[in-house]
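The structure under discussion appears below in the form of structure tokens.
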Amino acid sequence: MKRDGGTADDKQSPRELLAAEMRRLKAASRLSYGRLAERTHYSRSSWERFLNGKQLPTRVAVEQFATASGEEDPGTLLALLDAAEREQRPAADPVEAVEPVEAVEPTVPVKGAGAGADADATVSAVPVWRRSLRATGFVAAGALVGSLLTVVAIGMDEAKDGDGTAGAAAKATGPAAVGPAAGGVKPGCSADSCVGREPQAMDCHWDATSVRHTWLRGLHIQLRYSAVCQAVWGRIENGTVGDSVTIKDKRGLEQEATIRVGTDTYTRMLAVAGDTPDSVTICGAIPEHRERECSPVGAVQP
């Protein structure tokens, strides 16, 4: 229903717009929730929560969804996700709106000789709801300045960890519940109750840090740790379909995940005793080159 030249979309929040746009793409591609689960690393129940607006998806989930639904450029969906994440953070005292500054992703080694084209693109002739989203971003920037420390704690850990092992370990010793406290999210499991469960579905990703890093031909292998959930999981980035990550604890329990679409994936969780993930071994493998890299070096491999 229009009002003063606007549309009903103008009254929707970025979170609602994101869910609506993902539902539209799902319908257009004739994908069921089951087919989405088969083509991505997320379960049917996770996609139902994402597309019904009950839970915000991660950037990896949005990128995998775009690929599965045939959307060549996920930029619009990612812009909606960014705005929705800004909206759910605590509002600070109003300040003068400033021009949003584009975040710079850390540079990582690229596997293979060829590099893809720049993923960022300027979209012209955008519809009314996208222009409304851009205005929402300018207003949210004022609140973003007032809560800069909170944004850094959440955003940097949720983004790709570009720092070294020492830097990641230092972050792990900081306040453990920054994410859940800021977003009002309570984890769905703790310690042994997290074994075999998805970190995203259990909201363990909010305070997660990469406590161990290693590389294999440009494949970024990371052990992710949530102090709130007392659990770890393995993650690989910058890979190709078929690359895998495996974690194993001192009890012999294992979790493994293989990239089925896109360039990233992560395992389900293992519990860690107390507040240390040191007893867990993580390995990344590239079957194409018959190579495997584990951390710590010399540990019993999964």
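Could you say whether any residue in the stretch 78-95 is small (Gly, Ala, Ser), open to solvent by 30 Å² or more (accessible area, probe 1.4 Å), assigned to a helix (DSSP H, G or I) and at pLDDT 90 or above? Talk me through it step by step, then tell me what you get.
Of the stretch 78-95, the ones small (Gly, Ala, Ser) are 79, 83-84, 91-92.
Subsequent filtering for residues that are open to solvent by 30 Å² or more (accessible area, probe 1.4 Å) retains 79, 91-92.
Filter once more, keeping what is assigned to a helix (DSSP H, G or I): 79.
The next check asks that each one be at pLDDT 90 or above; those that pass are 79.
Looking for residues that are small (Gly, Ala, Ser), open to solvent by 30 Å² or more (accessible area, probe 1.4 Å), assigned to a helix (DSSP H, G or I) and at pLDDT 90 or above, one finds at least one in the stretch 78-95, hence yes.
Filtering the stretch 236-254 to residues that are more than 18 Å from residue 220 (Cβ to Cβ) and touching a residue at least 24 places away in the same chain (Cβ under 8 Å) leaves 248, 249, 250, 253, 254.
Each residue in the stretch 196-238 was checked for being open to solvent by less than 30 Å² (accessible area, probe 1.4 Å), of a type in the set (S, T, N, Q) and not in a strand (DSSP E or B), and 1 pass.
Identify the residue in the stretch 66-75 that is in contact with an Asp or Glu (Cβ under 8 Å, 6 or more places away or on another chain) and either part of a helix (DSSP H, G or I) or touching a residue at least 24 places away in the same chain (Cβ under 8 Å) (or both) and, among all such residues, is nearest to residue 267 (Cα to Cα). Walk me through how you get there before you give the answer.
Of the residues in the stretch 66-75, the ones in contact with an Asp or Glu (Cβ under 8 Å, 6 or more places away or on another chain) are 66, 74-75.
With either part of a helix (DSSP H, G or I) or touching a residue at least 24 places away in the same chain (Cβ under 8 Å) (or both) added as a condition, the list becomes 66, 75.
Working: 66: 21, 75: 26 Å.
So, considering only residues that are in contact with an Asp or Glu (Cβ under 8 Å, 6 or more places away or on another chain) and either part of a helix (DSSP H, G or I) or touching a residue at least 24 places away in the same chain (Cβ under 8 Å) (or both), the one nearest to residue 267 (Cα to Cα) is 66.
Residues of the stretch 31-52 that are at pLDDT 90 or above and either more than 24 Å from residue 263 (Cα to Cα) or among the aromatic types (Phe, Trp, Tyr) (or both): 33, 47, 50, 52.
Specify the residue that is most open to solvent (accessible area, probe 1.4 Å); the eligible residues are those in the stretch 23-52 that are over 27 Å from residue 196 (Cβ atoms) and touching a Ser or Thr at 6+ places or on another chain (Cβ under 9 Å). It would help to see each step written out before you state the result.
Residues of the stretch 23-52 over 27 Å from residue 196 (Cβ atoms): 23-30.
Cutting the leftovers down to touching a Ser or Thr at 6+ places or on another chain (Cβ under 9 Å) gives us 25-26, 28-29.
On the way: 25: 13, 26: 40, 28: 75, 29: 37 Å².
Taking the candidates together, the pick is 28.
What residue, among those in the stretch 239-260 that are open to solvent by less than 60 Å² (accessible area, probe 1.4 Å) and among the aliphatic types (A, V, I, L, M), is farthest from residue 290 (Cα to Cα)?
Pass one, the stretch 239-260, residues open to solvent by less than 60 Å² (accessible area, probe 1.4 Å): 239-240, 242-249, 252, 255, 257-259.
Narrowing further to those that are among the aliphatic types (A, V, I, L, M): 245, 247, 257, 259.
Details: 245: 14, 247: 18, 257: 17, 259: 16 Å.
Among them, the one singled out is 247.
Does the stretch 230-248 contain at least one residue that is among the acidic types (Asp, Glu) and out of contact with any strand residue (DSSP E or B) (no Cβ under 8 Å at 6 or more places or on another chain)?
Checking the stretch 230-248: not a single residue is among the acidic types (Asp, Glu) and out of contact with any strand residue (DSSP E or B) (no Cβ under 8 Å at 6 or more places or on another chain).
Tallying residues that are out of contact with any His (no Cβ under 9 Å at 6 or more places or on another chain), not hydrophobic (A, V, I, L, M, F, W, C) and not in a strand (DSSP E or B) within the stretch 257-296 yields 14.
The values are calculated or read from the model by the stated rules, or taken from the named source; none is laboratory data. Note that this is a predicted model, so its numbers are computed, not measured. Because the Cβ atoms are built from the backbone with ideal geometry, glycine has one as well, and the counts that use them run over all protein chains shown. Heads up: the accessible areas ignore ligands, DNA and RNA and are worked out on the full protein's heavy atoms, side chains in. Shrake-Rupley method; radii C 1.70, N 1.55, O 1.52, S 1.80 Å.
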